[in-house]
Structures are given as C-alpha cells and as structure tokens.
Amino acid sequence: MSTVAEHSHHKLKTVDIAYIGLFSTLMMIGANITSFAPFMVVGGVPITLQTFFAILAGLILGSRKGALACTIYMLIGLAGAPVFARFGGGFGHILSPTFGFIVTFILAAYVAGLIVERSGTKKSYVIAALVATAINYLLGTNWMYFAYKLWASAPDGFTYKLAWLWMMPPLPKDIILAIFAGFFAYRMQKILKIIPIK
C-alpha cells in the first residue's frame, strides 16, 4: 500500500517538473516568437508573448510552480543561454533597463496563481490575469526608468512620462492576451486540475 502511495507521489512530482519545464520553454519561445512568426512584428515593434506565458504559468500551475517556471527561465538566461528577447542572455543582462520585466514575470505568475487558488471562478481567472499584467507594467516600467536614471545611458530628453509612453503601444495587446489567458486557463484547469481551489 505504501509503495503505491509513494509511486503516486513520485508521479505527481514528475508531472509538476514536466509542466514547469514546459512553461519555462514557452517563455523562451515567447521572447523571440517573431523569429518563428515574422508577421507578429507590427509597425516595426515585435510582439513578444513572455508576459502571456508568465501569467498563464501562474494561472495553470498555481502560485509556487508558476513562479518557479519563470524563475528557471530567468536563471537559464542569466547563465548565458540566448533565451531573452532578441536572443539575449548572460549575467550582464541584469544591467539591462528591461531586466525588471523579466524579474516581475516571477511576481506576476505568483500573484496570478495566488488569486485563482483562492477562488476558481471564471471571473477570478480574468481578474488575476489583468492584475498580473498591471504588476508587470508597474514594476517593469519603474525599474526601466530608474535603471536609465541610475546606471544605464538614458536617451536625450528621457523622462518618467516618456518611459510610460514607450509602454503604450504593447499595452492593448497585453490586455487582450491577459483576458484570453484568463478564459483559456479556466478551461484548462477544469481539464488538468493541477492546482487545488479553496
């Protein structure tokens, strides 16, 4: 009897590792999706899917496993693998003004997972995705602003307002994707039942 229980417990861990690895890989693909789908460059601006997959990781895997998937993605990139946007990688990337967005993927996934763990309604999934998107924008944009002011070479005339203006073009896309992520994750949770809902 104990052998069966141990086997089941081991199998659950294996499945968790597989899902975490899957979402880490999806983050890598999402960072450079335009390399595989050039039509996703709109007006010269590449549409990345990192935020979408980070939020989806939290919604489907839960707070801890979702955050872990994003953390693994970040560590792989810092170790030198070209998995960040524009195939960037290496520890020096930590000084990039946009590195804050990568860090906030972890928090966004964790918060999204935390919200749906407390309430499994369709509405809570959409709200969780939108809250996670807001976290990514708020913390990532502020990190970028202070990075330019403190250690990176800021463009001429760079201001806090300009930093936010830079973020306006991808915002509608990320809001739409967040809503889609909420509905999609809700349906997937009904099938996969990975996280317990309180």
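Within the span defined as region 20-41, one or more residues are small (G, A, S) and modelled with pLDDT of 95 or more. Entry remark, region 129-152: residues being open to solvent by less than 10 Å² (accessible area, probe 1.4 Å) and more than 18 Å from L171 (Cβ to Cβ) number 1 in total. Look through region 82-106, keep the residues that are touching a residue at least 24 places away in the same chain (Cβ under 8 Å) and not in a helix (DSSP H, G or I), and return whichever of them is most open to solvent (accessible area, probe 1.4 Å). Checked region 82-106; the qualifying residue most open to solvent (accessible area, probe 1.4 Å) is T98. A single member of A129, A109 is within 16 Å of I20 (Cα to Cα), touching a Gly at 6+ places or on another chain (Cβ under 6 Å) and assigned to a helix (DSSP H, G or I), and it is A109. Pairs linking a residue in region 176-198 that is farther than 17 Å from I20 by Cβ to a residue that is assigned to a helix (DSSP H, G or I) and open to solvent by 60 Å² or more (accessible area, probe 1.4 Å), with Cβ atoms under 6 Å and 6 or more positions apart or on different chains, are A178/L130; Y186/K122; K198/R118.
Inspect region 140-156 for any residue being among the aliphatic types (A, V, I, L, M), within 14 Å of the chain's Cα centre (by Cα) and either in a helix (DSSP H, G or I) or modelled with pLDDT of 95 or more (or both) and give the result as yes or no. Before the answer, list the steps.
In the first step, residues of region 140-156 are kept if they are among the aliphatic types (A, V, I, L, M); the result is 144, 147, 150, 152, 154.
Remaining after also requiring within 14 Å of the chain's Cα centre (by Cα): none.
Scanning region 140-156, I find no residue that is among the aliphatic types (A, V, I, L, M), within 14 Å of the chain's Cα centre (by Cα) and either in a helix (DSSP H, G or I) or modelled with pLDDT of 95 or more (or both), so the answer is no.
In summary, A79 fulfils each of the numbered conditions (1) open to solvent by 60 Å² or more (accessible area, probe 1.4 Å); (2) over 23 Å from A178 (Cβ atoms); (3) modelled with pLDDT under 95; (4) not polar (S, T, N, Q) with the single exception of condition (3).
Say whether the condition of being of a type in the set (D, E) and at pLDDT 95 or above is met by at least one residue in region 114-130. Let's see the steps before the verdict.
Let us first name the residues in region 114-130 that are of a type in the set (D, E), namely 117.
Still in the list and also at pLDDT 95 or above: 117.
Checking region 114-130: at least one residue is of a type in the set (D, E) and at pLDDT 95 or above.
The values are calculated or read from the model by the stated rules, or taken from the named source; none is laboratory data. What you see is a predicted model; the values in this text were computed from it and never measured. Cβ coordinates were reconstructed from backbone atoms using ideal geometry, including for glycine residues, and neighbour counts include every protein chain displayed. Surface accessibility is based on the protein's heavy atoms, side chains included, excluding ligands, DNA and RNA. Shrake-Rupley method; radii C 1.70, N 1.55, O 1.52, S 1.80 Å.
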